[in-house]
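Single-structure report; data block below.
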Amino acid sequence: MSVDSTLLAERELGGLAEKIIIYRYKVYSASSIALITIATLLVVYSFSITAPYSPIPAILVFIIAFSAPFAIVAILIKTFKKALRSVNLLISTRGRRLNRTRLNVVALLSYTTPFILFYLTSPLPYWETYAWYFALAVANTSMTLFYERYINELLPELSVRVYTVWSALSLLFAPLIAYLALMDPLKAWPVALITYLFATLISSIQEIYRAEKML
Amino acid sequence: MSWDVYSALSSLDPVLRHPSRFSIMTLLILSGPQTEGDIVKKLGIAWGPLTTHLKKLEESGYVEIRRFPTVKGPRTYVFVTEKGVKAYYDHLSKLDDVIQKLRKLSLNTK
C-alpha cells in the first residue's frame with residue numbers, strides 16, 4: 001500500500017533524527033574529553049620542555065600551545081552546545097526539562113573545588129607534580145554522579161557512560177599513583193600522566209564505539 | 001480502508017502530513033536554527049514553496065521566523081518552537097499507530 005510506505009519512510013526519518021541527536025551527543029562528549037585532555041597536556045609539556053632553554057622561543061611556544069587548546073575548546077563548546085540543545089528538545093518531549101544552570105554549576109564546582117583543596121595542602125614530597133591526578137579523579141567522579149547520572153535519568157535512551165568509565169579508571173589507578181608517591185615520588189607524575197591519558201582515551205573510544213553500535 | 005485506519009489517519013497533524021514540512025521540522029530539530037537559504041540547500045526545496053511551508057508552520061506556532069542583520073546582509077533564521085517539537089513527536093507516535101493499523105489491515109486482507 002503506497003500510503004503505508006510513505007508513512008513508514010516518514011516514521012523512519014523521525015526515528016533516525018532521534019538516533020542522530022543521541023549519536024552526536026555521545027560522539028561530541030567523548031571526543032571533547034579526549035581533545036581537551038590532549039590539548040591541556042600539550043600546553044603543559046611544550047612549556048616545560050622549552051622553558052629551560054631560551055625565554056623567547058618558550059614564550060612563542062607557550063602562546064601557540066595556549067591558543068591552540070583555546071581554539072579547540074571554543075569550537076568544541078559551540079558544537080557541544082548545539083548537540084546539547086537538540087538533546088534538550090528531546091528531553092522536553094518527555095515532559096521534563098534540562099536544568100542548564102545546574103549543569104554549569106556542577107561542571108564549574110567539579111573542576112575547581114578539588115584543585116583548590118588538593119593544592120592547598122602538601123602532604124607528600126613533590127605533591128604539586130601529581131596532585132592534579134587525584135583532583136581530576138575526584139572531579140570526574142563528581143561529574144559522573146551529578147552530571148552524567150542526571151542527564152541519563154532525564155533521557156534514558158542517551159545512556160552515556162563517558163564520565164563513568166573515565167572516573168572508574170582514574171580511581172582504579174589512584175592507589176598505584178599514591179603508592180609511587182610514597183615510595184618513589186619522582187616516578188609518580190609520569191605514571192600519573194600515562195594512566196590519565198590511558199583512562200581518557202579508553203573512556204572516549206568506548207563511548208564512540210557504543211555510539212557507532214547504536215546507529 | 002477500515003474505519004479504524006481512517007480515524008487514525010485523520011488524527012495525524014495536517015500541517016506535518018506534508019513531506020516537505022515534515023522534513024523542515026526534522027532538519028530544525030536535528031540541526032538547530034537554520035537560514036532560509038540553508039533549508040533550500042539542505043532539503044532541495046524551491047524558494048516559492050518554502051515560503052508557503054514556513055508560513056503554514058509559523059501560523060501553527062511550530063516555528064518562529066526572525067530576521068537578523070549579518071555581515072553578508074540581513075538573514076532570515078527559522079527556529080523551532082517548543083510547541084513545534086511537541087507536535088513533531090506527537091505526530092511520530094501517531095504515525096506509529098497508523099502504521100500498526102495499516103499492517104494489521106494488510107495481514108487481515110491477505
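Check A:Val105, A:Val87 and return the single one that is within 20 Å of A:Tyr163 (Cα to Cα), modelled with pLDDT of 85 or more and crowded, with 17+ Cβ neighbours inside 10 Å.
Step by step, each of A:Val105, A:Val87 is checked, and only A:Val87 is within 20 Å of A:Tyr163 (Cα to Cα), modelled with pLDDT of 85 or more and crowded, with 17+ Cβ neighbours inside 10 Å.
Considering the stretch A:92-137 alone, what residues qualify as being more than 14 Å from chain B (Cβ to nearest Cβ), part of a helix (DSSP H, G or I) and among the polar types (S, T, N, Q)? Hits for the stretch A:92-137 are A:Thr101, A:Asn104, A:Ser110, A:Thr112, A:Thr113, A:Thr129. With a requirement of 1 or more residues that are more than 14 Å from B:Val80 (Cα to Cα) and basic (Lys, Arg), the helices (runs of 4 or more DSSP H) lying completely within the stretch B:1-50 that satisfy it span B:36-43. Applying the condition of being facing chain B (nearest Cβ under 8 Å) and out of contact with any Leu (no Cβ under 8 Å at 6 or more places or on another chain) to the stretch A:3-30 and asking which residue is nearest to A:Met214 (Cα to Cα) yields A:Leu13.
Identify, please: which residue in the stretch B:57-110 is within 14 Å of chain A (Cβ to nearest Cβ), of a type in the set (Lys, Arg) and farther than 18 Å from B:Gly32 by Cβ and is, among those, nearest to the chain's Cα centre (by Cα)? Checking each candidate, the answer is B:Lys94. In the stretch B:94-110, which residue that is under 12 Å from A:Leu8 (Cα atoms) and without any contact (Cβ under 8 Å) to a residue 60 or more places away in the chain is surrounded by the most Cβ atoms within 10 Å (Cβ to Cβ)? Applying the filter and picking the extreme gives B:Ile99.
The values are calculated or read from the model by the stated rules, or taken from the named source; none is laboratory data. Model, not experiment: these values are computed from the prediction. Every residue, glycine among them, receives a Cβ derived from its backbone with ideal geometry; neighbour counts consider all protein chains shown.
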